[in-house]
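Worksheet for the structure shown next.
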Amino acid sequence: GAGVSQSPRYKVAKRGQDVALRCDPISGHVSLFWYQQALGQGPEFLTYFQNEAQLDKSGLPSDRFFAERPEGSVSTLKIQRTQQEDSAVYLCASSMMLGGETQYFGPGTRLLVL
Amino acid sequence: QQQVKQSPQSLIVQKGGISIINCAYENTAFDYFPWYQQFPGKGPALLIAIRPDVSEKKEGRFTISFNKSAKQFSLHIMDSQPGDSATYFCAATLNSGAGSYQLTFGKGTKLSVIP
């Protein structure tokens, strides 16, 4: 079946703008993760959803970052008042397992803040 | 504090050779160790994974060796091919206590396999 999809694939924002990044997980996957990958680095955990419940948001770097998954499928990561240090690839991963030990990643959204 | 240290940062291997990437971890609570392969412009793809009660796992040309006492694990790619050229990430996970198995990644190894 289809894998994890993310949109847009590329986003350019002016500093101070708000952005919204979308993730469509694999159908039926209960666990959904967001990660941030800086250039030349490994992904870093941002937040975790089990169905519609956001159980772990310990990795969100500031209160400008907000994520939701209102119906337990599609998720949106929103960044308010973007800063240059927010420039990165934002990866979504989903898992059929509660807790999400085995995760399948989408292609990511590359965000550039000017 | 970097919980998973990966080396080397880059690796060049001749076609047909063996590629070896090493990782070391600090947190003994980690209980699942996956390796991911990432091509430019793509998301990481799960290659192979191991649990700490197993010393070795092999899938095709890919083998993980795991040394629990040394808190180290490595990926071996046998008969390396140009199509294996990618960035490889080791990772480790544990139940965060908030119900999630968030992945902690190494910094990655860029592998180039030359003909």
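Restricting the range B:1-22 to residues that are more than 11 Å from every other protein chain (Cβ to nearest Cβ) and open to solvent by less than 50 Å² (accessible area, probe 1.4 Å), which is farthest from the chain's Cα centre (by Cα)?
The extreme case among them is B:GLY16.
Only one residue in B:ASP53, B:ASP79 is more than 22 Å from A:ALA38 (Cβ to Cβ), without any contact (Cβ under 8 Å) to a residue 60 or more places away in the chain and of a type outside the set (Gly, Ala, Ser). Which one?
The match here is B:ASP53.
Residue by residue through the range A:1-19, note down the ones that are more than 16 Å from A:SER87 (Cβ to Cβ), among the aliphatic types (A, V, I, L, M) and either surrounded by 14 or more Cβ atoms within 10 Å (Cβ to Cβ) or touching a Pro at 6+ places or on another chain (Cβ under 9 Å) (or both). Working first, answer last.
Kept after step one, since they are more than 16 Å from A:SER87 (Cβ to Cβ), are these residues of the range A:1-19: A:1-7.
Then keep just the ones that are among the aliphatic types (A, V, I, L, M); that gives A:2, A:4.
Correct list: A:VAL4 only.
Is it the case, given these coordinates, that A:PRO61 is surrounded by 20 or more Cβ atoms within 10 Å (Cβ to Cβ) and within 14 Å of the chain's Cα centre (by Cα)?
Details: surrounded by 20 or more Cβ atoms within 10 Å (Cβ to Cβ): no; within 14 Å of the chain's Cα centre (by Cα): yes.
So A:PRO61 fails the test.
Against the conditions (1) open to solvent by 50 Å² or more (accessible area, probe 1.4 Å); (2) of a type outside the set (A, V, I, L, M); (3) within 14 Å of chain B (Cβ to nearest Cβ), where does A:TYR35 fall short? Just the number, please.
The one condition A:TYR35 does not meet is (1).
Looking at A:GLN36, is it out of contact with any helix residue (DSSP H, G or I) (no Cβ under 8 Å at 6 or more places or on another chain), within 30 Å of B:GLN9 (Cα to Cα) and in a loop (DSSP other than H, G, I, E, B)?
So A:GLN36 fails the test.
Can we say B:GLY108 is at the interface with chain A (Cβ under 9 Å from one of its Cβ atoms) and at pLDDT 95 or above?
Here the answer is yes, as B:GLY108 does meet what is asked.
Only residues that are within 10 Å of chain A (Cβ to nearest Cβ), part of a strand (DSSP E or B) and more than 15 Å from B:GLN37 (Cα to Cα): list them for the range B:62-103, please.
B:THR93
Kindly indicate whether any position in the range B:50-68 is open to solvent by less than 10 Å² (accessible area, probe 1.4 Å) and either over 24 Å from B:LYS15 (Cα atoms) or at pLDDT below 95 (or both).
Taking every residue of the range B:50-68 in turn, at least one turns out to be open to solvent by less than 10 Å² (accessible area, probe 1.4 Å) and either over 24 Å from B:LYS15 (Cα atoms) or at pLDDT below 95 (or both).
The values are calculated or read from the model by the stated rules, or taken from the named source; none is laboratory data. What you see is a predicted model; the values in this text were computed from it and never measured. Positions of Cβ are generated from backbone atoms using ideal geometry, with glycine treated the same way; all protein chains shown enter the neighbour counts. With ligands, DNA and RNA removed, areas are computed over all heavy atoms of the protein, side chains included. Shrake-Rupley method; radii C 1.70, N 1.55, O 1.52, S 1.80 Å.
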